[in-house]
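The structure appears right after this line, and notes come after that.
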Amino acid sequence: MAKATSQFVCQACGAVHRKWSGKCDDCDAWNSIVEEAIGAALPKSVATGGRKIDFVELSGAPLNEVRFVSGIGEFDRVAGGGLVPGSTTLVGGDPGIGKSTLLLQVAAALSRQGKAVYVSGEESVDQVRMRARRMGLAEAPVQLAAATAVRDIVASLDQAEAPLAAVIDSIQTMFVDTLDSAPGTVAQVRGAAQDLIRVAKRRGTALFLVGHVTKEGTIAGPRVLEHMVDTVLYFEGERGHQFRILRAVKNRFGPTDEIGVFEMTDRGLIEVANPSALFLGDREGNAVSGAAVFAGMEGTRPLLVEIQALVAPTAFGTPRRAVIGWDAARLHMVLAVLEARCGVPLAARDVYLNVAGGLKVQEPAADLAVAAALLSSLNDCPVPGQTVIFGEIGLSGEVRPVSQMESRLKEAAKLGFGAALMPRRRKRGERGDTDIAAREITHLGELVALFEQTRRPQGSAVPGPRPAKGAR
Ligand code: TYD
Ligand code: MG
């Protein structure tokens, strides 16, 4: 049999196939398989001829513990307290979300401490300059270039005065001339990243790679790219909203659950120091049914957000369930628990759920707040005033404790909330120093009862489908 000279690589997951097909068997992506030339034949065994490596003690002090701090607080915290020299950070996000804007601001901030390089493979020098001028950064001593040839970029980074930070915008536009495939393919992305990371490690440059994301929201190209870099940050946000959230999903030098909150303005990204106030900012004074305030945690920081639900009688046989900002599978679970364990009739109703402000909530601790918003809408009965809610719901309807309950209460108290619906505290008699009236809930049924008791008089107490009016 003739030796294969090419292979078929899925651009979404990196799986290698023997022949082309319309769908990748590994990740189920459609139309993602591309033919790539196979490189040199497998090298000979390396069992002989190696050089002995000198092992060292783990306890030795690292040579330099410095971190480059940009001064953009929200960014530095997500990066684990500043950038480690020689580290590589991959920044992913939807097109137009603000990756280039953020990294230009970071490069400008770092350029005041040392040499900062910004290489754009997508925009011309003039376009970047125009953007910088609009953001008031035109005077920052950033070294700018428009280039895509990795060979040239590596040579430029490997100069006598190595840059302190270098931004490559984006890795998908970079081109390694020793590889046959087109820019943006798995082989090119991997090859380009490898060479750039190597030179950054050697010269102690903090390297940023901008990565595009696929429709599914993962960084385009193989997962290998995520394994190759030290830090992976996602920049996310809803298009229609001003807020942008920078989230660490991998960090070799810091925690991964931190977020940084920014606001996109006409002068670039501005840090948001108190996001809770921002996410609750446009709440109306008088309580409406279907809205519940969730006291969440994002990393080390408590964050209050409003969860909105609308429960409406369905017009079709299959009820519609639409979710923005939360996990659809978890919504289905909460609905099922309400229905099966607490007898709440939801099977014939459409359910819409929205996290206000464009935030994506990922904690299971939001379960109880979601349930409260649903019950509030269903019964047309507002959540009791000035109350925050949190707790995880189990399949039997039990409400489980969540982490950092005191920090959540403290943040709520700071923002003027006076009461909380929450799980039972782990240790009996454990009390925080907040003066919030905490009502501990052990089973979802108690929450259901709470809303049924306080239901507005015009809402009929008769079980079964309610008139359309009840659906707001
Ligand atoms: P950009 O950083 O180019 O996005 P990405 O690199 O992730 O593709 O951001 C582009 C968007 O940001 C664009 O829709 C316009 C908006 N924007 C502002 O609103 N204000 C600004 O000052 C800048 C520079 C961009
Ligand atoms: Mg860009």
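Over 31 Å between Cα atoms, which of K115/K414; K23/K250; K19/K99; K360/K410; K250/K410 qualify?
Working: K115/K414 42 Å; K23/K250 29 Å; K19/K99 36 Å; K360/K410 22 Å; K250/K410 28 Å.
The pairs that break the limit, which is 31 Å between Cα atoms, are K115/K414; K19/K99.
Which whole-number value in Å² is the accessible area per residue of the chain, probe 1.4 Å? Kindly include the intermediate steps, with their values, before the conclusion.
Numbers: 23340 Å² over 472 residues.
It amounts to 49 Å² per residue over the chain.
Divide the volume of the convex hull of the Cα atoms of the stretch 5-154 by its number of residues and quote the answer in cubic angstrom per residue. Before the final figure, lay out each step's value.
Details: hull volume 34.7 nm³, N = 150.
Spread over its residues, the Cα hull of the stretch 5-154 gives 231 Å³ apiece.
Ranked highest first by average number of other Cβ atoms within 10 Å, how do 343-350, 397-404 line up?
Packing order, densest peptide first, comes out as 397-404, 343-350.
Can you give the helix-only mean residue ellipticity at 222 nm for the chain, where every DSSP H stretch with n ≥ 4 adds -39500 (n - 2.57) and the sum goes over all residues, rounded to the nearest 500 deg cm²/dmol? The partial results should precede the final answer.
Details: 11 runs with 112 residues, N = 472.
Counting only the DSSP helices, I get -7000 deg cm²/dmol.
Report the Cα centroid-to-centroid distance between the stretch 377-403 and the stretch 329-372 in angstrom, as an integer.
Measuring centre to centre over Cα atoms gives 10 Å.
Which order do the peptides 46-57, 249-260 take when ranked by the mean count of other beta-carbon atoms within 10 Å per residue, highest first?
Numbers: 46-57: 6.0, 249-260: 17.6.
Taking the mean over residues of other Cβ atoms within 10 Å, the ranking is 249-260, 46-57.
Return the equivalent ellipsoid semi-axes of the stretch 229-277 as a descending list in whole Å, where each equals the square root of 5 times an eigenvalue of the C-alpha gyration tensor.
On the way: eigenvalues 98, 28, 18 Å².
Values for the stretch 229-277, descending: 22, 12, 9 Å.
Taking a temperature of 10 °C and a viscosity of 1.306 mPa s, what whole-number D in µm²/s does Stokes-Einstein yield for the chain with Rh from Kirkwood over alpha carbon pairs?
Values: Rh = 25.3 Å.
Result for D is 63 µm²/s.
Just grab the label-to-label distance for E271 and H241, each label 7 Å out from Cα along the Cβ direction, in nm (one decimal).
2.1
Placing +1 at every Lys and Arg Cβ and -1 at every Asp and Glu Cβ, with all other atoms neutral, what dipole size does the chain have around its Cα centre, in debye to the nearest 20?
Values: 54 positive and 52 negative charges, 106 e Å.
Roughly 500 debye, rounded to the nearest 20.
Roughly speaking, to the nearest percent, how much of the stretch 35-155's 1.4 Å accessible area is carbon and sulfur? Display every interim value, and only then the final one.
Details: 3920 of 7120 Å².
Within the stretch 35-155, the accessible surface is 55 percent carbon and sulfur.
The values are calculated or read from the model by the stated rules, or taken from the named source; none is laboratory data. Keep in mind that what you see is a predicted model, and the values were worked out from it rather than measured. Here the Cβ is made from the backbone with ideal geometry for all residues, glycine too, and neighbour counts use every protein chain on show. Each accessible area value is taken on the protein alone, full model and side chains, heavy atoms only, with ligands, DNA and RNA left out. Shrake-Rupley method; radii C 1.70, N 1.55, O 1.52, S 1.80 Å.
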